[in-house]
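Notes follow the structure.
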Amino acid sequence: MNRLRIWRDQIIDTWNRMSWNQRLSLSFEGVIALATIFYVIVALLQRSTMSNQLSAMKASNELTKESLVSVQRAFVEFNEYSIEKEVLFNTMPNLGVILDVLSNWENVGTTPAVSDLTP
């Protein structure tokens, strides 16, 4: 308790020995120091918030990409097909029957299918 009183008396004595412009300068420096501390605290809070937002945006982008890939893929279906049967007993007795399957492919998806599907 005694040390605090001595310290307080020294501060008051130093303040009273200062001229008015020194007091004004010291007051402005104190305000600037407090504003800087406040700014650092706000900047750290903003950084934390932006980091959380970035994580949420990355998760949202990944989910959007997955849903886009699953919906926007090429779907191909058969329109018509025909089966032709050839009996090759006379020329190749070990082979038996050959089936020729001819089909028409149609893209029913929203994106184009690979053009190499049709011969």
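Side notes on the structure shown:
- Charge tally in the Cβ shell below 13 Å around residue 2, where Lys, Arg are +1 and Asp, Glu are -1, residue 2 excluded: +2
- Sorting the segments 36-45, 1-10 by their mean number of nearby beta carbons within 10 angstrom, highest to lowest, gives 36-45, 1-10.
- Positive contributions from Lys and Arg (+1) and negative ones from Asp and Glu (-1), summed over other residues with Cβ under 11 Å from the Cβ of residue 106, come out at -2.
- Cut-off under 5 Å, modelled amide H: who pairs with residue 109 long-range: 75
- Prolate/oblate/rounded label for segment 1-59 (Cα gyration tensor, a/c 1.5): oblate
Read-outs throughout are calculated quantities, based only on the coordinates presented, and are distinct from any laboratory measurement. None of these values were measured; they are calculated from a predicted model. In this analysis, Cβ positions are derived from the backbone assuming ideal geometry, glycine residues included, and neighbour counts consider all displayed protein chains.
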